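The next block holds one structure in the form of structure tokens; read it before the comments.
The values are calculated or read from the model by the stated rules, or taken from the named source; none is laboratory data. This one's a predicted model, so the numbers in the text were calculated from it and none came from an experiment. Please note that ligands, DNA and RNA were not included when accessible areas were found on the heavy atoms of the full protein model with its side chains. Shrake-Rupley method; radii C 1.70, N 1.55, O 1.52, S 1.80 Å.
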Amino acid sequence: SLAFHGSHLLSGSEDGLICIFSCGSWDCLKTLKGHTSAVLQLAVHPSGVLALSVSKDKTLKTWSLITGKPVHTVNLQQLPDSVLWNTDGSMYGILADKTISVYLPSSGCPIRNYTCQRRIVTAKFLSPKLLCYGGEDTFIILVNVQTSESQSIAGHQARVKALDFVKSDVPNHFILASVASDGDVKIWAVSQSSHQLIGATQIMNYRPVCMCLFTGEKKSLKQPFETFANQVKSKAKVKRRILFADLHAIVGGKTIRRKLKHRKRSRMIPLNLEPLDKK
């Protein structure tokens, strides 16, 4: 599991450890110990002071990123799939199979539980109170966790694999992107009480498993790739077995792929990449 916050990256692994990396030098600054089994998901509080982690040991841990120590542990009834903060850090959600539970940081008991007939795969808080989730039933659900008002968005023919959003220029409105396992990508304009399909595309020949939205200049993402590629070339004298990581992005409905080399047993450094412009 990976979680970015500002200039730092948190990485959870199968051995139960959580490592904090600097995104500039990629040095491991701190190792957090506490879980007895694999870390499944991480979520950093918007303030950057706290982090949540869920593990196969069926626990939720709240970590102080100042001291590097756990400050609270909650024993869970079900094996968790993921954990996420809302946008202002006033509550968080835990996803487990067909249920997503919403908690307050000050309490170990859920204040809301939402259940589907089939497995929930992905969830996002669009605002402090607006929760969005989807999964194997192909629907996207928007629910206000304060009033319990909800709406169902139909449009996909396969399970919803990932959701992401950006704020709209219209107050209390959002641009929501969803991708299904059949490669169908849809863009929605949504609010607490309405939704409208505003765009769609199809990923051909690949099975998407995750997605994120990026807003900004393309050139801002080229430098990390070029810097890391030069670091790999500078170590060419070291005898090594080459492995490959496929990196791809969607541009104009087309999938652009790259391959990045790294040494056997070395740490994979995840990068958000923008494909180079065609000349």
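Order the following by accessible area, largest value first: L52, L197. Probe radius 1.4 Å; ligands, DNA and RNA are ignored.
Values: L52 0, L197 85 Å².
Per-residue accessible area, sorted high to low, gives L197, L52.
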Exercise for review: List the extent of the Cα atoms of the range 45-155 along each of their three principal axes, largest first, rounded to whole Å.
Suggested key: 45, 27, 21
Review point. How big is D, in µm² s⁻¹, for the range 1-92 by Stokes-Einstein at 25 °C and 0.890 mPa s if Rh is the Kirkwood radius over C-alpha pairs?
Key: 189
Review point. What number in nm² do you get for the range 108-177 if you take the convex hull of its Cα atoms and divide its surface by four?
Key: 5.3
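Semi-axes of the equivalent ellipsoid of the range 15-68: what are they in whole Å, largest first, if each equals the square root of 5 times a C-alpha gyration tensor eigenvalue?
19, 14, 9
How long are the semi-axes of the equivalent ellipsoid of the range 173-217, defined as square roots of 5 times the Cα gyration tensor eigenvalues? Whole Å, largest first. Write down the numbers at each step before the final one.
On the way: eigenvalues 88, 36, 16 Å².
They are 21, 13, 9 Å, listed largest first.
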Point to revise | Where the range 1-127 is the region considered: accessible area per residue in Å², 1.4 Å probe | key: 46
Check your understanding: Which values, in whole Å and largest first, are the semi-axes of the equivalent ellipsoid of the range 128-219 obtained as the square root of 5 times each eigenvalue of the Cα gyration tensor?
Key -> 22, 17, 11
